[in-house]
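**Q** Can you read through this structure? Questions will come right after.
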């Protein structure tokens, strides 16, 4: 009997928690009902744990489960999570918690903190989850007249949007979409009766998509294109739909159709969406949840059937759920080797976790409604990813920008030619983001597969921030770009330097090889103080071998391998660096364990004498 008791105890310890998904009868199929039960149980269980931890909102705790709560958008994000749970389940109580009272008090906390932007958006969305009629809304009815007035002041968009100039105040353009949604939902709830204000901000927010515009520049006119273009368009759509602006909806349709096709072509095997830009890691997986939820509710924009979109949702959910630590009740935002943009501070650590609850619950609600409506009882546990080879222009003209998309067996990547938050920041360089084995260090000025050149006067230049010419290959398997005007490292985005040197870069696909050729041609004799290039990699093993006198560097994991071969017309020193948990070792999703560094000092460029180098990267899937 004692042995039997021991066995039973061990089985109980090994059993998954109540909110884990069941095994399905078919290994490659996920039952819609199983996923639904898992998500609902997980969100309810974890949201209850966080609510139990919080004993007061005045004062509010500075940490929850050890994670900081004092960063911007934090309490608004928690309010959104509570409201999204109500929207998902229809339940206004969780354990001993009156969720209407929780939302009401959090809104008053955000008012005292003078929070704006996403906190305001999350506040008004949370309020709406309790009903559009404020006379019957449990949150609104729990407030005194004075507290209702404070809520109205909290939701006033003039804190960051100037209705006279129709501009957001010292913010990127995507915040126009945030302002439009706040105004639209506030009008829907009767918190404001100023229809002119609402129409004005929605019309202004829609400007990038009028007259055939498909993508939005987040920092015009510099040409910063990234995942915010997709989110921005979705936000404007939701705002226009809320108040019945059919003219705006019609204007947005071409953009959303194309942007969703782009997102589907970008998505990586694990559900990761936009592999470049400043919204990385957890944010990009949450993006996938939100985008699938949007497409579930708006089938006209679907780039693939609903069951395939559900597979993408599932892969992103699995990554986030695996990353979530059940003991600490948190996502692993600051784990070893994980990089974040500076706006993701320790003070916002908790906010990232609770966004998982809020965004996940809302997206899940929209997805499960569509799956039930369209009678999708199961779907695959892997994303159907057909081959892709095409270039998408974000804009043409004097400084064109766009992105090259390739997916061919083990070789897949996203190569953007666009402007970054600052010249030379690796997250925006024209490099093959998402290429297996390659990962740039987050928010670092680094020559990650794009060379830097240092002039004799000390200035450092890099060929990025759009290009002077972009020439895609006809079959999508090659790309050529030319830079005569270079970005100045340490300078401003959108400001260029003409050093009298032309860089002509060609990429091409040959089987499983990605080959990058670059030719430098100077108008006059030029001496470069330094030229260098880095290949940062997540590979756990780096070995070097020589075959018939040619050097080959092998970067390998247990699943994948990259074979690197480098040639140049000038002497180059090749070295390796193991950055550990230094800033150069922090990737968006996993540690960067090695850097291959190629460097030349005192490189002479003779007038009108082209100098050339090539780097070839062969990617192999070791499981095939």
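**Q** Per DSSP helix of 4 or more residues, -39500 (n - 2.57); summed, then divided by the residues of the chain. What does that give at 222 nm, rounded to the nearest 500?
**A** -11000 deg cm²/dmol
**Q** Using a 10 Å cut-off around each Cβ, can you sort 110, 599 from fewest to most neighbouring Cβ atoms?
**A** Listed from fewest to most nearby Cβ atoms, that is 599, 110.
**Q** Looking at the square roots a ≥ b ≥ c of the eigenvalues of the Cα gyration tensor of segment 37-105, which shape do they give, rounded for a/c under 1.5, prolate if a/b is larger than b/c, or oblate?
**A** Judged from the Cα gyration tensor, segment 37-105 comes out prolate (a/c at least 1.5, a/b above b/c).
**Q** Over what distance in Å are the Cα centres of segment 348-426 and segment 138-202 separated?
**A** Using only Cα atoms, the two centres lie 29 Å from each other.
**Q** Turning to a different aspect of this structure: Neighbour counts of other C-beta atoms within 10 Å: give me 507, 317 arranged from fewest to most.
**A** Lowest to highest Cβ neighbour count: 507, 317.
**Q** By how many degrees, between 0 and 90 and to the nearest 10, does the Cα long axis of helix 195-205 differ from the longest principal axis of the chain?
**A** Roughly 20 degrees between the two axes.
**Q** Any number yet on Rg/Rh for segment 373-430, C-alpha, Kirkwood?
**A** With Rh from the inverse mean 1/r over Cα pairs, Rg/Rh is 1.17.
**Q** How far is helix 2-14 tilted off the main Cα axis of the chain, in degrees rounded to 10, range 0 to 90?
**A** So the helix axis and the longest Cα principal axis differ by about 70 degrees.
**Q** With N residues in segment 179-305, what two-decimal value do you get for its Cα radius of gyration over 2.2 N^0.38 Å?
**A** 1.07
**Q** Expressed as a whole number of Å, what is the distance separating the alpha-carbon centroids of segment 513-589 and segment 487-511?
**A** 18 Å
**Q** Provide the percentage of antiparallel DSSP beta bridges, counting only those with both residues in the chain; round to the nearest 5.
**A** Bridges in the chain are about 95 percent antiparallel.
**Q** Using 0.36 nm per residue of separation minus the Cα-Cα distance, give me the extension gain between residue 604 and residue 422 in nm, one decimal.
**A** 62.7 nm
**Q** Among 552, 617, rank each residue by its count of other Cβ atoms within 10 Å, from fewest to most, as a rough exposure measure.
**A** Going from sparsest to densest Cβ surroundings: 552, 617.
**Q** Cα gyration tensor of segment 388-621, axes a ≥ b ≥ c as square roots of the eigenvalues: rounded (a/c below 1.5), prolate (a/b > b/c) or oblate?
**A** Note, shape of segment 388-621 comes out rounded.
**Q** Now a separate question. Cβ neighbours within 10 Å, averaged per peptide: list 481-489, 566-574 in order, most packed at the top.
**A** In decreasing order of mean packing, 481-489, 566-574 become 481-489, 566-574.
**Q** Take peptides 495-503, 254-262 and line them up by average Cβ neighbours within 10 Å, highest first, as a rough protection proxy.
**A** 254-262, 495-503
**Q** To continue, here is another question. Could you give the C-alpha radius of gyration of segment 386-479 expressed as a fraction of 2.2 N^0.38 Å, taking N as the number of residues it contains?
**A** 1.13
**Q** Here's something else I'd like to know. Over the chain, what relative contact order in percent results from Cα pairs under 8 Å that are six or more residues apart?
**A** It rounds to 11 percent for the chain.
**Q** Order of 136-142, 351-357 by packing, highest average Cβ count within 10 Å first?
**A** Packing proxy ranking, top to bottom: 351-357, 136-142.
**Q** Something else now. For the chain, find the longest principal axis of its Cα atoms and tell me its angle to the long axis of helix 32-53, 0 to 90°, nearest 10.
**A** Its long axis makes an angle of about 80 degrees.
**Q** Note the listed values [x] 84, 60, 52; [y] 79, 78, 46; [z] 98, 73, 50, then indicate which one is Cα extents along the principal axes in Å calculated from this particular structure.
**A** Label of the calculated value: [y].
Here, each number is a calculation from the coordinates, and none is a lab measurement. Every value quoted in this text rests on a predicted model; they were computed, and no experiment measured them. Positions of Cβ are backbone-derived with ideal geometry, glycine not excepted, and every protein chain shown enters the neighbour counts.
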